[in-house]
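The values are calculated or read from the model by the stated rules, or taken from the named source; none is laboratory data. None of the values given here were measured: they were computed from a predicted structure. Don't worry about glycine lacking a Cβ; one is built from the backbone with ideal geometry, like all the others, and counts go over all protein chains shown.
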Amino acid sequence: MHYAWVIFAASFLTLLGAAGFRSAANVLQVPLHEDFGWSRGSIGIAVSINVLLFGFIGPFAAALQIRFGLRRITIWALAVMAVGAIASTQINQLWQLYLLWGVVVGSGSGCMATVFASTVAARWFVARRGLVTGALTAASASGQLIFLPILSGLAENVGWRWVGLVIGLGALGVIPVVALLLRNYPQDIGLQPYGAVEHVEIAPARANPIGAAFGALREASHTSTFWWLFGSFAVCGLSTTGLVQTHFISAAHDHGMSEAAAGGYLAFIGGFDVVGTIFSGWLTDRWDPRKLLLVYYSLRGMSLFFLDPALIARGGGLFGFIAFYGLDWVATVPPTIALCVQAFGRERGPLVYGWVFAGHQVGGAIAAFGAGYLRDLTGSFKPAFIIAAIACLVAGVGVMCIRRPGAPDPHAAASVPEPALA
């Protein structure tokens, strides 16, 4: 067995173990509101800070992984997240929530974003890269939702402070797996990437990580491909992380559903997402990623039009939304990563994807605050669901403007050469 599959297994467990951090924002909203009287909009600011840092740390994390090694940066990120989560159990002021859950946990978790999955897939796999990307993305995104019933039960029956303690200890528990099994490059142990038909060399990493991250942005920003990917992925974050993941439990609570029951429905989304994202990775290895994105965004937009009526009806209608929406939860990630690697190269691609993922988190931050604000203003999350649905339909049309890999970019600046394909 090629050691790439050991790397895949270790990465899968790492992302799964760290997934609880992304679930906690959803679980903590109602308990913090009830305990301290903080408005949903105020709590949403902390979530927005977390979401923004989760995204904008990504390109710098990718550069740090190149400069100092994937294993070392991952261990440090897990340790930072654990400290932030455990310390957050002692908060009693809003600024403490912003500092610990927003800044500290957001910074650490940014190194464990899908940039981590894209780096592992790009370095260790040539064949099955899309499938591996889909599986690792599913571990991160679905793990967030699968943890929800456990964390919701803790918050409701034991106390919300136990949520931070449990996920902090979970992050610490993953560190030995990373230290023992994770490796930076296949060449470090005398191997080539899985499925490579040509000898692949790795260039020595001497560049300043901050300069490398901004250099990748500078090159990519002169291409229309980057901006279409950035904009469409912002809509992806707005319609998933910022909206449904952050506010679904609150929206269900508005319709008389308990937190534990709402967390169970979100866990079902996670279960369907495992199937949908892995299948999306398989399709990405075979089909035009742009057409896949067109289908994914269009279907997601149509499903969001029915979310508020489904919450009112519950039963089969809500479960139907859960299944349909869940299959499409993060199915957009494998084709988006594939387009980044195809357009900007195996080493540069993850750096560029880090900036594209920052766009995802900008959209998520807007929805995390905006949907909470609209709920405080109108008494309902329905307007936020409708806005997100329309944005998804627009993104579905926009992705088809992304040029095919290898085709000339008519909007690229003449002075900046197009990066070589992988």
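Every residue, every condition in (1) among the aliphatic types (A, V, I, L, M); (2) closer than 26 Å to Val333 by Cα; (3) surrounded by 18 or more Cβ atoms within 10 Å (Cβ to Cβ); (4) at pLDDT 80 or above, yes or no:
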| site | (1), (2), (3), (4) |
| --- | --- |
| Ser11 | no, yes, yes, yes |
| Gln29 | no, no, yes, no |
| Phe36 | no, no, no, yes |
| Gly44 | no, yes, yes, no |
| Ala61 | yes, yes, yes, yes |
| Leu70 | yes, yes, yes, yes |
| Ile73 | yes, yes, yes, yes |
| Met81 | yes, yes, yes, yes |
| Ala87 | yes, no, no, yes |
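The single residue among Gly20, Gly69 that is touching a residue at least 60 places away in the same chain (Cβ under 8 Å), out of contact with any strand residue (DSSP E or B) (no Cβ under 6 Å at 6 or more places or on another chain) and at positive phi turns out to be Gly69.
Residues that are of a type in the set (Gly, Ala, Ser), part of a helix (DSSP H, G or I) and farther than 24 Å from Gly271 by Cα occur in the stretch 330-351; there is at least one. Here the helices (runs of 4 or more DSSP H) wholly within the stretch 183-268 that include at least 1 residues being over 25 Å from the mean Cα position of the chain (by Cα) are 246-254. Taking Ser224 as the residue in question, decide whether it is hydroxyl-bearing (Ser, Thr, Tyr), surrounded by fewer than 22 Cβ atoms within 10 Å (Cβ to Cβ), touching a residue at least 40 places away in the same chain (Cβ under 8 Å) and more than 27 Å from Ala10 (Cα to Cα). Considered against the rule, which asks whether it is hydroxyl-bearing (Ser, Thr, Tyr), surrounded by fewer than 22 Cβ atoms within 10 Å (Cβ to Cβ), touching a residue at least 40 places away in the same chain (Cβ under 8 Å) and more than 27 Å from Ala10 (Cα to Cα), Ser224 comes out as yes. Selection of the stretch 342-383 for residues being acidic (Asp, Glu) and farther than 16 Å from Thr119 by Cα yields only Asp376. Cβ-Cβ distances below 6 Å connect the following pairs, each with a first residue in the stretch 114-128 that is under 13 Å from Arg183 (Cα atoms) and of a type in the set (Phe, Trp, Tyr), a second residue that is outside any loop (DSSP other than H, G, I, E, B) and modelled with pLDDT of 85 or more, and a separation of six or more residues or different chains: Trp124/Ala4; Trp124/Ile7; Trp124/Pro186. Within the stretch 145-172, the residues that satisfy the criterion of being among the β-branched types (Val, Ile, Thr), within 27 Å of Thr277 (Cβ to Cβ) and surrounded by fewer than 24 Cβ atoms within 10 Å (Cβ to Cβ) are Ile146, Ile150, Val166.
Of all residues in the stretch 299-320, those that are over 15 Å from Val244 (Cα atoms) have Cβ atoms under 9 Å from Cβ atoms of residues that are surrounded by 21 or more Cβ atoms within 10 Å (Cβ to Cβ) and among the acidic types (Asp, Glu), 6 or more apart or on another chain, in Leu299/Asp328.
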